[in-house]
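The values are calculated or read from the model by the stated rules, or taken from the named source; none is laboratory data. Since we're looking at a predicted model, the values are computed, not measured. Cβ atoms come from the backbone with ideal geometry, glycine included; neighbour counts cover every protein chain shown. We work out accessible area using only protein heavy atoms, side chains counted, and drop any ligands, DNA or RNA first. Shrake-Rupley method; radii C 1.70, N 1.55, O 1.52, S 1.80 Å.
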Amino acid sequence: MIEKKQNRWLTVLFSVICAVYIYPLVVLLFNSFKEKEAITGQVFGLPTAQSFVGFENYLRGIRSIDFFNSVGYSLVVTVGSVALILVCTSMCAWYLNRVGSRWCKGIYYLFVFSMAVPFQMVMFTLPYLADRLGFTSPWTIPLVYLGFGAGLAVFMFTGFVKSIPISIEEAAMIDGCNPLSTFFRVVLPIMKPTYISVAILQTMWIWNDYLLPTLVLDKTKGYYTIPMAIQSAVTDSYGTVDYGAFMALLVLAIIPIVVFYALAQKQIIRGVISGAVKG
Amino acid sequence: MVGGKSTPPPTDMNRTLKRWFPLFLLPTLIAFLIGFVVPFFVGLYLSFCEFATIENPTFVGFANYLRVFTADSNFWYSFGFTALFTLVSVVLINLCAFAVALALTRGIRGTNLFRTLFFMPNLIGGIVLGYIWKMILNYGVLIPLFGKDLSYNSTFGFWGLVVVLAWQQIGYMMIIYISGLQSVPEELSEAAKIDGAGRWQILRHVTVPMVMPSITICIFLTLTNSFKLYDQNLALTDGKPGRMTEMLAMAIRNTYGVTPKSHGTAQAMAVIFFLIVAVIALFQLRSTHKREVQQ
């Protein structure tokens, strides 16, 4: 009985806490419909008949930084990189584990080592190399992400490959499958949960990544991902930020994430738990 | 740890597979060379050089490292700021996340919704997150109360950063704690209850030891996440006032390109930064191993 009563109180308490917790996002949404003075003057105030400006902020924001171009670039970069990482690193992890030679182990340890290296270590050299090789467009930057992000992906795939009994693959090979068809018909279907976890973690990283694309992408050609566009909206304004338009842009930047979360919540949480080993 | 357990495959499959290495291994390997191996080792070498561009380095030994540790770099200040920030964040985030996880594993009504909401800020990137909070902290809290904004002093900036990171990470750590708590067999706390243990005693002597693996993971995750913070720092304070809220990652970027000599200084700072992160990772590896032995 006591426990039941306590639990009811906890529900009430957490309803309040959650409301407060999520309140910043609500405030943001309201402010995206207000005129500038009403944002800086009374940030917590609801839009009133006077301060309500409809979708004007949104129109101004979208026009000011070509927002939909940025959405496109972010999609190309994220989808391209994640797809490339999934295909290449899973094949690589399987090969390294199954061949298992001294070389393979050495390469594997280098991948694991790379997980502990912060981006700042290669912050000057990597963009230079990418530039020399011409990997500076949204269509080629996936190769850079494959290289820098391979560590975690190979590590996670290897963890799973180790648990697959080798006899299944041998049977497939004896039945006349070559390694490629063995991999795609036998190994890949078994590893499906790992593919989803790796995809989720890499998506969360690459979609939100700011520094790497800023230093690698060719900005003179207008290649701005969403985080870059948001940042440039501030730096290009030299202190006189159009707050109305800026609030609208922040809301627009969050919408794809909320949709993604609503669609794949279970997989996201599972991915986070299985990727928690990363330091 | 690495494939150590699985027995080497029979030579037949092994030999066939080896011939397929251009397809299976080469793409990732080439990208890895370009995206990590070469930049890493060249970066390491450049930290011992003076260079205007990456193409014309002159070897200068430890001169860059000496410059990092002497007065003309912001290194020591940034390091202190970052260390203090990391300490406060790790404690705050883990205490909150653990408390929330405890409350949300008792089967109260609305548990799923609460978890969903707590986790959500984690998906928003650091830049967007930083600007949302900059607006709220400046126009909702600091200006109405003090008449000053975040760039007024480093205390405002410090606690602003703590709030932002806590808001983002509590949900993430909560998820990991919940998965740990759910794996604790219920009989254990039941047995303790029958033996007359109070709720606090059960928590201390049964629950906490059982979820120790999750605690270790979360502490190391928050440790590295706080220490490497950049995006939130850039959006929320951009190091202001002056360079007084500049964390290490930002100090490295802001050091690069100030004077011709500072390229090397920045790269040397990056190497030191990497070494600190690597030491943290090494501790993590050791504590995980120890745990595996005990079980």
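Kirkwood hydrodynamic radius of chain A from all distinct Cα pairs, in Å?
On the way: mean 1/r = 0.0454 Å⁻¹.
This gives a value of 22.0 Å.
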Report task. Please report the buried accessible area for the interface of A with B, total over both chains, probe 1.4 Å, in Å² to the nearest 100. Result -> 8800 Å²
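Label region B:67-294 by shape, choosing from rounded, prolate and oblate, from the square roots a ≥ b ≥ c of the eigenvalues of the Cα gyration tensor; if a/c is under 1.5 it is rounded, and otherwise prolate applies when a/b is larger than b/c, oblate when it is not. Could you put the intermediate results ahead of the total?
Working: a/c = 2.85, a/b = 1.62, b/c = 1.76.
Verdict is oblate for region B:67-294.
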Report task. Show which lysines lie in cross-link reach of A:LYS4 when reach means a straight Cα distance below 24 angstrom and same-chain residues fewer than eight apart are skipped. Result -> B:LYS193
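Assuming R0 = 30 Å, can you tell me the calculated FRET efficiency for the pair B:ALA52 and A:THR140, based on Cβ-Cβ distance, to the nearest 0.05?
Values: r = 27 Å, r/R0 = 0.91.
Efficiency at R0 = 30 Å is approximately 0.65.
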Query raised in the report: Per-residue mean of other chain beta-carbon atoms within 10 angstrom of the beta-carbon, peptide A:18-31?
Result: 4
Query raised in the report: Where is the GNM fluctuation largest for chain A (alpha-carbon springs, 10 angstrom cutoff): A:MET156, A:MET228, A:MET191?
Result: A:MET191
Query raised in the report: Can you give the extra length, in nm with one decimal, that the chain gains between B:ILE30 and B:TRP200 once fully stretched, where that is 0.36 nm per residue apart less the Cα-Cα distance?
Result: 55.7 nm
Query raised in the report: Rounded to the nearest 20 Debye, what is the dipole magnitude of region B:67-294 about its Cα centre when Lys and Arg each give +1 and Asp and Glu each give -1 at the C-beta?
Result: 180 debye
**Report entry** Out-of-range pairs (alpha-carbon distance over 24 Å; input A:LYS162/B:LYS18; A:LYS162/B:LYS228; A:LYS192/A:LYS266; A:LYS36/B:LYS148)
**Finding:** A:LYS162/B:LYS228
Query raised in the report: Could you give the angle, 0 to 90 degrees to the nearest 10, between helix A:67-99's Cα long axis and the longest principal axis of the Cα atoms of chain A?
Result: 20 degrees
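Please report, ordered by residue number, every helix of chain B (full DSSP H runs) that is 20 Å or longer along its axis going by C-alpha atoms and whose mean Kyte-Doolittle hydropathy reaches -0.5.
Values: long enough: B:75-103 (41 Å, 1.96); B:154-182 (41 Å, 1.19); B:212-227 (22 Å, 1.39); B:262-294 (48 Å, 0.74).
The qualifying helices are B:75-103, B:154-182, B:212-227, B:262-294.
Averaged over every viewing direction, what's the projected area of the C-alpha convex hull for the protein assembly as shown? Give it in nm², one decimal, please. Please list the in-between numbers first.
On the way: hull surface 119.1 nm².
Result: 29.8 nm².
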Query raised in the report: Of A:CYS18, A:CYS104, A:CYS92, which has the largest mean-square fluctuation in a 10 Å C-alpha GNM of chain A?
Result: A:CYS18
Query raised in the report: Label points 7 Å out from Cα along the Cβ direction at A:LEU263 and B:VAL184: separation in nm?
Result: 3.8 nm
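Could you check how much of the accessible area of the protein assembly as shown is carbon and sulfur, as a whole percent, using a 1.4 Å probe? Each step should come with its number before you reach the end.
Numbers: 17270 of 26110 Å².
Ligands and nucleic acids excluded, carbon and sulfur give 66 percent.
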Query - Average beta-carbon neighbours from other chains, 10 Å sphere, peptide B:128-138 - result: 6
Report task. Restrict the search to region B:103-165; then list the trypsin sites (Lys or Arg not before Pro) that DSSP places in a loop and that have at most 12 other Cβ atoms within 10 Å of their Cβ. Result -> B:ARG106, B:LYS148
Query raised in the report: Under a 1.4 Å probe, what is the accessible area of region A:66-236 per residue, stated in Å²?
Result: 37 Å²
Report summary line: Pseudo-spin-label distance B:VAL37 to A:ARG63, built 7 Å along Cα→Cβ, given in nm, is 5.2 nm
Requested in this report: Using a 10 Å cut-off on Cβ atoms, rank the peptides A:32-40, A:266-274 from the highest mean neighbour count down.
Outcome: A:32-40, A:266-274
Report task. Quick one: compute the contact order of region B:193-294, relative version, from alpha carbon pairs under 8 angstrom and 6+ residues apart, as a percent. Result -> 23 percent
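How big is the charge dipole of chain A about its Cα centre, in debye rounded to the nearest 20, if each Lys and Arg gets +1 on its Cβ and each Asp and Glu gets -1 on its Cβ?
Details: 19 positive and 13 negative charges, 150 e Å.
For chain A, the charge dipole is close to 720 debye.
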**Report entry** Average beta carbon contacts from partner chains per residue of B:250-261, 10 Å cutoff
**Finding:** 1
Report summary line: Sequence order, region A:51-59: Karplus ³J(HN,Hα) from phi using 6.51 cos²θ - 1.76 cosθ + 1.60, θ = phi - 60°, Hz rounded, Gly and Pro as x, gives 8, 5, 10, x, 9, 4, 4, 5, 4
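For region B:139-263, what does the alpha-carbon gyration tensor say about shape, rounded, prolate or oblate, given a ≥ b ≥ c as the root eigenvalues, a/c under 1.5 as rounded, and a/b over b/c as prolate?
On the way: a/c = 4.23, a/b = 2.20, b/c = 1.92.
The shape class here is prolate.
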Report summary line: With only helices counted (DSSP H, runs n ≥ 4, each -39500 (n - 2.57)), the per-residue ellipticity at 222 nm for chain B, to the nearest 500, works out to -20000 deg cm²/dmol
